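Below is one structure, written out as structure tokens, with a few remarks after it.
Every number here is computed from the coordinates shown, using simple stated rules; none is lab data. Since the structure is predicted, the reported quantities are computational estimates derived from the model, not experimental observations. Heads up, the Cβs are rebuilt from the backbone with ideal geometry, glycines too, and the neighbour counts pull from every protein chain shown.
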Amino acid sequence: MLTSKYKELKKNDRYEILALLRESMKKNGNVEFILPERTLSCQFLHIDLKNLSIAYLEDLHSVATPVEVVIKGRCERISFTTRKSETECQTGTLLYDFPIEITITQRRSLTRIAIDESYNFFCEGRFRDGFNYKLRIKDLSRDGIGLLYQRPLPELTRSGILLKNMIIHLGKWDSYPVDLMFSDIKEITSFDNEHNKIIYYIISCRFQKPSKSFNRKIEGIIMEILLEQKKIKRLR
């Protein structure tokens, strides 16, 4: 059975940090900068023992204080604190100091997977404002889902709000009625291949009092998707 327990490791050897961050850069080309009121996502360009560089982001350019940086993998999360470097950088980039220490948070077993848009997973139902919403499912775990929406939802203002009688549609794996407990909402800013600014929102929700049979169904769906993804990688 999958579990959502975590273990945390800290690394402060410069060469080990460099190797880990380079590997993460290959797997996930984006990094997230955690600011007090929102999260900014941008392209990770290069790293060496002095600096790391990212694609230029106007909203980050003026932030002089130390910032938390997060790189998310499938079963791990690397985080560290850094600040903008005083070294002159190339046009179109921002330069940050090499981290002194990184923290790696690992799931003992994988519980949350990103869902590609091609799966056409979505969630729909009536929110507290009485309007029916249909939101794409961006990630899935035994414990809950992440929903993607293109604008803020002012009716979701605090954690603990219960969304009753929602339906999650999981493609060929059928549809299921669920009650969702709202956890938080995160604003993401990123850029497409043509450098157009894109802002969207990730709404995190937990399944409210799921049955054991429902948990088993979700775990089975996650395993099937993982096997499909591995098969696609082998064929490429």
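Which loop-located GluC sites (Glu not before Pro) does region 23-56 contain, where loop means any DSSP state but H, G, I, E or B and the Cβ has at most 10 other Cβ atoms within 10 Å? Each step should come with its number before you reach the end.
Working: sites: E23, E32, E37; in loops: E37.
Sites meeting the loop and neighbour criteria: E37.
Might you report the magnitude of the Cβ-based charge dipole of region 29-171 about its Cα centre, with Lys and Arg at +1 and Asp and Glu at -1, to the nearest 20 debye? Please list the in-between numbers first.
Numbers: 19 positive and 18 negative charges, 162 e Å.
With Lys and Arg at +1 and Asp and Glu at -1, about 780 debye.
Of K27/K230; K172/K197; K26/K50; K186/K231; K50/K197, which sit over 22 Å apart, Cα to Cα? Don't skip to the answer; put the middle values down first.
Working: K27/K230 14 Å; K172/K197 34 Å; K26/K50 19 Å; K186/K231 32 Å; K50/K197 29 Å.
Check vs 22 Å cut-off fails for K172/K197; K186/K231; K50/K197.
Based on the Cβ-Cβ distance of L227 and S159, what FRET efficiency does E = 1/(1 + (r/R0)^6) give at R0 = 30 Å, to the nearest 0.05? Show your work: numbers first, answer last.
Values: r = 34 Å, r/R0 = 1.13.
With a Förster radius of 30 Å, E is 0.35.
Taking the Cα centre of region 112-235 as origin, sum charge times position over the Cβ atoms of Lys and Arg (+1) and Asp and Glu (-1), and report the length of that vector in debye to the nearest 20. Mind showing how you got there, number by number?
Details: 22 positive and 16 negative charges, 83 e Å.
Computed charge dipole of region 112-235: roughly 400 debye.
Relative to the first principal axis of the alpha-carbon coordinates of the chain, what is the inclination of helix 212-235, with its axis defined by its Cα atoms, in degrees from 0 to 90 and to the nearest 10?
Relative to the chain, helix 212-235 is tipped by roughly 50 degrees.
Mind sorting I221, I54 by how few other Cβ atoms lie within 10 Å of their own Cβ, fewest first? Don't skip to the answer; put the middle values down first.
Details: I221 20, I54 23.
Taking fewest neighbouring Cβ atoms as first place, the list is I221, I54.
Students often forget the sequence filter, so: which aspartates and glutamates lie under 13 Å Cα-Cα from K217 once same-chain residues fewer than 8 apart are removed?
D143, D174
Label the chain by shape, choosing from rounded, prolate and oblate, from the square roots a ≥ b ≥ c of the eigenvalues of the Cα gyration tensor; if a/c is under 1.5 it is rounded, and otherwise prolate applies when a/b is larger than b/c, oblate when it is not. Write out the running numbers ahead of the final one.
Numbers: a/c = 2.01, a/b = 1.55, b/c = 1.30.
The shape class here is prolate.
Can you give me the distance in nm between label points at T39 and H61, each placed 7 Å from the Cα along the Cα-to-Cβ direction?
2.5
If the chain between S118 and R151 were fully stretched, how many nm would it gain, using 0.36 nm times the residue separation less the Cα-Cα distance? Intermediate values should be presented prior to the final figure.
Values: separation 33, 0.36 × 33 = 11.88 nm, distance 2.16 nm.
Full-extension gain reported as 9.7 nm.
Can you give the angle from 0 to 90° between the axis of helix 14-27 and the longest principal axis of the chain, with both taken from C-alpha atoms, to the nearest 10?
For 14-27 against the chain, the angle is about 50 degrees.
Compute the FRET efficiency between L49 and F191 as 1/(1 + (r/R0)^6), taking r as their Cβ-Cβ distance and R0 = 22 Å, and round to the nearest 0.05.
Numbers: r = 27 Å, r/R0 = 1.24.
E between L49 and F191, to the nearest 0.05, is 0.20.
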